[in-house]
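Note sheet for the following structure.
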Amino acid sequence: MGRLIQSSHVCHSPFDRVAPGRNRNQEALSKTMPEIRPFRGVRYDLARVGDLSQAVAPPYDVIGPDLQQSLYNASPYNVIRLELGRDEPGDNDATNRYTRAAKLLKDWRRDGILVDESHPSLYVYHQTFQVEGKSYTRKGFLARVRLEPFGEGRIYPHEETMSGPKADRLKLYEATGFNLSPIFGLYPDPDNAAFSALEHGIRDRTPLTVTDHLGVENQLWPVSDVETLAAVQGLMADRSVFIADGHHRYETALRYRADRETAGELTGPDDPANFCLMMLVSMSDPGLQILPTHRLVQGLPFLTSGKLAELLSTEFEIEDFGEGPSGCRAAWQEIELHGDQNLLGFGTAMDNRWCTARLRSDATMDSLVPNHSPDWRSLGVSILQELVLKKTFGDLDPTCRYVHLIDEVLEAFHSGSCDLACLVPPAGMDHVEAIASNLEKMPPKSTYFYPKLLTGLVLNPIR
């Protein structure tokens, strides 16, 4: 598998607080259900673009400058020119990457590079990939989903957002009138009934197949059979949706819709601005993988294993696992074996030693963050964030990078690019559902749903 994307963030980001004592699960259950609709997607004409793998891209938020340039070089029709265009000298309010994206999109549709689907469809989407030597296939479908403001329906966020990305996406939405990349949504369906009904409609049909830059095989089938679509819509009618990835895009879609309504531009309840493009995956899908997000901390240059144990021993039971890569892998194996959220792993670069730390009691977390629910307080990322990085080291203002594989942690130690490595157990779907249903948001970088959804397989007009 290719190298996973790393990102950076300040460790001590503030979190939303929620009012204690509200029975919000019962309140939420009385609300309306999300509405799922087929749509006439806009797709590349393979006869015009050739190899579609050269025209698609990851979502904008995982594309760095080098990958951006590589995608530009791959094809003159690569969707990067729409999704994340380059800034150019002399850009201003009238001419910039957003206006260039809008012109390109218009030109490509006029010239037949992008064409409208003949019939309203749902799009079955499989992704086959490997993680730590094991192969998985995640299965879901792309649909239009009616927008619901958070707290007013049955679509739930689970992570924080930042203002910068939302402002960027809003400019792109306003310029192009398109959802270019899908939001990733999850829905409870223990028997996978909704997807099974849809998958029945692709039997013996050849998929569109694209392999991305990380080696992930992406397969797409449009399904336009009216009876199948109606069956799926019926089976989805009582499902909540939990946003797994794309929170910024969803909140931007809400803002875009509100702005159109204020301007008197909505044509009615069926106006496409009332919907967003979403990939929907059952929480029971065997290929659904949530990777751990380990923290690589800088700003603690003289921290040794002995000092770390001394600082943590008031709250944690410490177990030493030795030095070097073998110590790291042994500590991580212990965390994976037990699967407990209250068991964390730590490596100190100063002496290259590794240990695990098990929280003795919930009492300190209860007192540190009383406005959060027990589910939130029991998360490994919450314990690490509040009790270790903020309470123990907050005065030193440490910063973090985030990685998902043990090999990436070891590479950071080898290169000397971190002072403290924190191994964190991945949150499970039960955590996501419980916390999101309670209208709380998990700490930043709590989940990493791998792989990312491709941009460019299907585009959704919103104007």
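The values are calculated or read from the model by the stated rules, or taken from the named source; none is laboratory data. Here the structure is a predicted model, which means the values were calculated and not measured. Here the Cβ positions follow ideal geometry from the backbone for every residue, glycine too, while neighbour counts run over all protein chains shown.
Residue count for the stretch 271-311 under the criterion of being over 30 Å from Ser135 (Cβ atoms) and of a type in the set (A, V, I, L, M, F, W, C): the result is 10. Is it true that Leu208 is modelled with pLDDT of 95 or more and either of a type in the set (Gly, Ala, Ser) or buried (at least 18 other Cβ atoms within 10 Å of the Cβ) (or both)? No, not satisfied. Hey, does the stretch 232-242 have a residue that's surrounded by 20 or more Cβ atoms within 10 Å (Cβ to Cβ), in contact with a Pro (Cβ under 9 Å, 6 or more places away or on another chain) and hydroxyl-bearing (Ser, Thr, Tyr)? Checked against the condition, which is being surrounded by 20 or more Cβ atoms within 10 Å (Cβ to Cβ), in contact with a Pro (Cβ under 9 Å, 6 or more places away or on another chain) and hydroxyl-bearing (Ser, Thr, Tyr), the stretch 232-242 yields at least one hit. Considering only the stretch 80-108, state which residues are of a type in the set (S, T, N, Q) and touching a helix residue (DSSP H, G or I) at 6+ places or on another chain (Cβ under 7 Å). Across the stretch 80-108, the qualifying residue is only Thr99.
Listed conditions (1) in contact (Cβ under 8 Å) with a residue 40 or more places away in the chain; (2) within 18 Å of Gly380 (Cα to Cα); (3) of a type in the set (D, E, K, R) are all met by Asp285, apart from (2).
So how many residues does the stretch 48-61 have that are within 19 Å of Tyr173 (Cα to Cα) and in a helix (DSSP H, G or I)? Summing the residues that are within 19 Å of Tyr173 (Cα to Cα) and in a helix (DSSP H, G or I) in the stretch 48-61 gives 2.
Checked against (1) modelled with pLDDT under 95; (2) crowded, with 24+ Cβ neighbours inside 10 Å, His247 passes all but a single condition, namely (2).
Okay, residues lined up against (1) out of contact with any Leu (no Cβ under 7 Å at 6 or more places or on another chain); (2) assigned to a loop (DSSP other than H, G, I, E, B):
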site: Arg255; (1), (2): no, no
site: Ala258; (1), (2): yes, no
site: Ser284; (1), (2): yes, yes
site: Leu300; (1), (2): no, yes
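If the condition is being touching a residue at least 60 places away in the same chain (Cβ under 8 Å) and not in a strand (DSSP E or B), then the stretch 125-153 contributes Glu132, Leu147, Glu148, Pro149, Phe150, Gly151, Glu152, Gly153. Inspection of the stretch 112-124 finds no residue satisfying the criterion of being surrounded by fewer than 17 Cβ atoms within 10 Å (Cβ to Cβ), β-branched (Val, Ile, Thr), in the same structural domain as Leu457 (by TED's automatic domain parsing) and in a loop (DSSP other than H, G, I, E, B).
Just one of (1) in contact with a Cys (Cβ under 7 Å, 6 or more places away or on another chain); (2) on the phi > 0 side of the Ramachandran plot fails for Gly347. It is (2).
Being of a type in the set (Lys, Arg) and either assigned to a helix (DSSP H, G or I) or at pLDDT 90 or above (or both) narrows it down to one residue among Arg22, Arg100, Arg17; which is it?
Answer to the check: Arg100.
If you check Asp375, Asp340 for being surrounded by fewer than 23 Cβ atoms within 10 Å (Cβ to Cβ), outside any loop (DSSP other than H, G, I, E, B) and in the same structural domain as Phe413 (by TED's automatic domain parsing), only one passes: Asp375. All of (1) loosely packed, with under 14 Cβ neighbours inside 10 Å; (2) in contact (Cβ under 8 Å) with a residue 40 or more places away in the chain hold for Thr314 with one exception: (2).
Is the stretch 25-33 home to any residue that is modelled with pLDDT of 95 or more and charged (D, E, K, R)? There is no residue in the stretch 25-33 that is modelled with pLDDT of 95 or more and charged (D, E, K, R).
Does Phe302 meet the test of being more than 30 Å from Leu198 (Cα to Cα) and either among the polar types (S, T, N, Q) or exposed (fewer than 15 other Cβ atoms within 10 Å of the Cβ) (or both)? The answer is yes for Phe302. The number of residues in the stretch 432-459 that are over 14 Å from the mean Cα position of the chain (by Cα) and crowded, with 23+ Cβ neighbours inside 10 Å comes to 6.
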